[in-house]
Amino acid sequence: MRIGIFTDTYPPYINGVSTSIASLEKALRQKGHEVYIVTVNADNLSYKYENDDHIIRIPGIPTGIYDYRLTGIYPLRAINKIKKWNLDVIHSHTEFGVGTFARILAKQFDIPLVHTYHTMYEDYVHYITKGYFNKSSKKLAEYFTKFYCDRTAKELIVPSKKTYDLFKEKYKVNKTVHIVPTGIDVERFFKEKQNPKDLELLKKDLKIKKDEFIITYVGRLAQEKSIEFLLKNHTKLNKKIKLLIVGNGPDLEHFKKMSKDLKIDDRIIFTGAIPHYDIPAYYAISNVFVTASVTETQGLTIIEAMAASVPVVCSDDEAFRDAVVDDLNGFLFKKDKEYLNAIELLYSNKEKYKKMCEQARITAESHSLKYFAEQVLDVYERAINSTKPSTFMDRLKKIVKRG
């Protein structure tokens, strides 16, 4: 199968969507499929062709939201190359810029369009509105999401039950919605895959002592990630427990200042941005993974942590319930006290902690790339079968359109 993936975020840019797409690309290639990428050139305003023209990076303008750039909806210079790919299916991963381009191409060349919805836009409108017109902006985000996902895509994929409920219960979408949790290269995160000497050097660089218990957050440092919750509650934890915050974001300096104001800066470690290929080492030196975010569509980082045999303590949010089983491979919390009790229990009860580490690893192995690819390919087949031309003239028209 010849598959075109259209996305506005792709490695080396680091975030959850980028990780998801890189995982899908790898899984599809392992199964022998041809994968082509259309994405944004985040470095400059020029076209860039990579991997023997299997990757096209289209110039885009900065949006002011993190490092995101927005492309034109019909970049002419990319059309001829994409036509030569002779795609069987287009899989879009964004509703804007590159996603609109995917929708136009799919219609123009009669290529079935599959779309994966990654972002709960209603949780992010504050970056644009700055607190003004939030209600009307959320309605606009809802309208645009329903238009793109319900009316233009043949098949719709979501990563979790939480997102499924958004479309079915709130947005009242009539079409089939496929829940396909993102798979990861779980073996990459196994502790036995890490070099013990490198881990010791990393601990030394981070000034982590042998008797210290490390709870770790990995992700973007921004308001909606509820990092303030982690910092405030850290003041109440045992002083042998350190909080390792891995990542960068618009509120990094705010969180650094907050840790100083709370007089816990000696127990908080901020690493800044870390290349994705180095992340497994940070999980490997951790004892527990923590997150208080309630804006995720699917928490890939919790699966990564579990693959490293690290139990998870996270907010009781539907995005995490698909993977975290309370009191088995981690804990779900709603209140501050539940969070604190979970951390203290894992810190003090070695037998309980060991069992949870084992269960975390078992859970992660069920999120392998193999199963991920198989589920997505089933959706592709459904989309292709529903758009097959019914007559010889239809097939002839399709061939002429493609060039």
Out of 310, 288, 294, report the one residue that is closer than 24 Å to residue 18 by Cβ and either aromatic (Phe, Trp, Tyr) or modelled with pLDDT of 95 or more (or both). 310
Is it true that some residue in the stretch 322-343 is under 20 Å from residue 179 (Cβ atoms) and assigned to a helix (DSSP H, G or I)? no
Does the stretch 235-254 hold any residues that are of a type outside the set (A, V, I, L, M) and farther than 18 Å from residue 206 by Cα, and which are they? 235, 236, 238, 249, 250, 251, 253, 254
Could you please tell me which pairs satisfy a Cβ distance under 9 Å, a separation of 6+ or placement on different chains, a first residue in the stretch 1-28 that is within 16 Å of residue 378 (Cα to Cα), and a second residue that is open to solvent by 20 Å² or more (accessible area, probe 1.4 Å) and among the polar types (S, T, N, Q)? 2/86; 27/368
Considering only the stretch 1-16, how many residues are among the aliphatic types (A, V, I, L, M) and under 13 Å from residue 276 (Cα atoms)? 1
Please go through the stretch 12-47 and give me each residue that is touching a Ser or Thr at 6+ places or on another chain (Cβ under 8 Å), farther than 18 Å from residue 101 by Cα and of a type in the set (A, V, I, L, M, F, W, C), ordered by number. 17, 24
Show the residue pairs meeting these rules: Cβ distance below 8 Å; 6+ apart or different chains; first residue within the stretch 334-347 and under 17 Å from residue 289 (Cβ atoms); second residue open to solvent by 70 Å² or more (accessible area, probe 1.4 Å). 340/236; 347/240
Condition first: among the β-branched types (Val, Ile, Thr) and more than 17 Å from residue 228 (Cα to Cα). Can you find one or more residues in the stretch 324-338 that meet it? yes
Residue by residue through the stretch 1-48, note down the ones that are open to solvent by less than 10 Å² (accessible area, probe 1.4 Å) and part of a loop (DSSP other than H, G, I, E, B). 7, 9
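Quick grid of which residues meet (1) touching a strand residue (DSSP E or B) at 6+ places or on another chain (Cβ under 8 Å); (2) open to solvent by less than 40 Å² (accessible area, probe 1.4 Å); (3) modelled with pLDDT under 95; (4) not aliphatic (A, V, I, L, M):
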| position | (1), (2), (3), (4) |
| --- | --- |
| 53 | no, no, yes, yes |
| 57 | yes, yes, yes, yes |
| 65 | no, no, yes, no |
| 68 | yes, no, yes, yes |
Being open to solvent by 60 Å² or more (accessible area, probe 1.4 Å) and either at pLDDT 85 or above or aromatic (Phe, Trp, Tyr) (or both) is the filter here, so list the residues in the stretch 145-155 that pass it. 147, 154
Within the stretch 2-23, tally of residues that are touching a strand residue (DSSP E or B) at 6+ places or on another chain (Cβ under 7 Å) and not basic (Lys, Arg): 9
Restricted to the stretch 333-387, and to residues that are among the aromatic types (Phe, Trp, Tyr) and farther than 30 Å from residue 154 by Cα, which residue is most open to solvent (accessible area, probe 1.4 Å)? 347
Condition set acidic (Asp, Glu), in contact (Cβ under 8 Å) with a residue 40 or more places away in the chain and over 19 Å from residue 366 (Cα atoms), scope the stretch 268-321, selection surrounded by the fewest Cβ atoms within 10 Å (Cβ to Cβ): answer is 317
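The values are calculated or read from the model by the stated rules, or taken from the named source; none is laboratory data. No experiment lies behind these values; they were computed from the predicted model shown. Counting neighbours? That spans all protein chains shown, and the Cβs are built from the backbone with ideal geometry, glycine included. Just so you know, the surface numbers come from the protein's heavy atoms only, side chains and all, with ligands and any DNA or RNA stripped out. Shrake-Rupley method; radii C 1.70, N 1.55, O 1.52, S 1.80 Å.
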